[in-house]
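The values are calculated or read from the model by the stated rules, or taken from the named source; none is laboratory data. Please read all numbers here as calculations on a predicted model, not as lab measurements. Every residue, glycine as well, gets a Cβ built from its backbone with ideal geometry; the counts of neighbours run over all protein chains shown. All accessible areas refer to the heavy atoms of the entire protein, side chains included, with ligands and DNA or RNA removed. Shrake-Rupley method; radii C 1.70, N 1.55, O 1.52, S 1.80 Å.
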Amino acid sequence: PRSVRGTRRYARPVSGEAMAGIRVLLVDAQAAQREALAHDLARQGVEVSVAEDIRGARDAVIQQAPDIVVLDVDLEDLGGFGLLSSIVNDSDVPVIVLTDRAEEPLRLLGFELGADDYVVKPCSSLELASRIRTVLRRMVGRRRVAGAVVSGDLVLDPDAREAKLAGEPVTLTAREFD
């Protein structure tokens with residue numbers, strides 16, 4: 001797995017078929033909560049990358065192409081709202097806000113900035129996994145196609161990190177894709 005400054009990856013186990021193949025970037029400055037939640041999600045079959053700060057999260061969104069971001073906006077004095085806005089404006093990656101900030105003005109701000117869901121801690125990993133599946137189910141078929149490289153029957157989509165040959169998916173390692 002590729003590493004990005006300030007991030008760590010968790011391998012998913014064989015079980016957890018409902019969540020298998022889902023790449024989640026978990027952004028939370030609170031190490032204990034971040035590590036526990038990452039571990040629980042990985043046990044459910046999710047491939048989890050973690051970031052503890054805004055810079056690490058921005059790098060991970062670009063370099064690791066997660067399917068979804070779970071973001072605690074309480075980073076660096078609520079700087080996570082700026083990160084939320086940046087992710088929403090610069091990509092099509094859905095974002096679930098997961099934070100202990102339950103005040104209605106902050107929840108509304110999160111939705112106005114483009115959050116796909118807003119969850120107040122504490123939240124079980126089972127509930128979060130269900131919310132992740134729900135958001136991703138709504139996103140099917142909505143990903144942007146801009147930026148795809150086409151050469152004959154080969155289509156490379158760097159935004160989705162997908163390759164297709166004659167319309168059929170091609171499995172590539174990260175190095176092969178890059």
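Among what's in segment 30-48 and is of a type in the set (Gly, Ala, Ser) and farther than 23 Å from Arg101 by Cβ, pick the residue that is modelled with the highest pLDDT. Even if it seems obvious, please write down each step before you answer.
Of all residues in segment 30-48, those of a type in the set (Gly, Ala, Ser) come to 31-32, 36, 38, 42, 45.
So of that shortlist, the ones also farther than 23 Å from Arg101 by Cβ come out as 42, 45.
Values: Ala42: 90, Gly45: 86.
Applying the filter and picking the extreme gives Ala42.
Answer with yes or no whether Ala102 is small (Gly, Ala, Ser) and under 15 Å from the mean Cα position of the chain (by Cα). Show your work before the answer.
Numbers: small (Gly, Ala, Ser): yes; under 15 Å from the mean Cα position of the chain (by Cα): no.
For Ala102, the condition - small (Gly, Ala, Ser) and under 15 Å from the mean Cα position of the chain (by Cα) - is not met.
Here are Leu106, Leu84: which of them is crowded, with 19+ Cβ neighbours inside 10 Å, at pLDDT 90 or above, over 18 Å from Ile22 (Cβ atoms) and aliphatic (A, V, I, L, M)?
Values: Leu106 fails: crowded, with 19+ Cβ neighbours inside 10 Å.
Among Leu106, Leu84, only Leu84 is crowded, with 19+ Cβ neighbours inside 10 Å, at pLDDT 90 or above, over 18 Å from Ile22 (Cβ atoms) and aliphatic (A, V, I, L, M).
Which condition number does Asp67 fail, the rest of (1) over 14 Å from Asp28 (Cα atoms); (2) open to solvent by 80 Å² or more (accessible area, probe 1.4 Å) being met?
(2)
Contact list please: Cβ distance under 7 Å, first residue in segment 156-176 and assigned to a helix (DSSP H, G or I), second residue surrounded by 10 or more Cβ atoms within 10 Å (Cβ to Cβ), pairs at least six apart or on different chains.
That search, which allows pairs on different chains as well, returns Ala174/Arg2.
Restricting to segment 23-69, give me the number of residues that are within 9 Å of the chain's Cα centre (by Cα), at negative phi and in a loop (DSSP other than H, G, I, E, B).
2
Could you list, in sequence order, all residues of segment 70-81 that are exposed (fewer than 14 other Cβ atoms within 10 Å of the Cβ) and part of a strand (DSSP E or B)?
none
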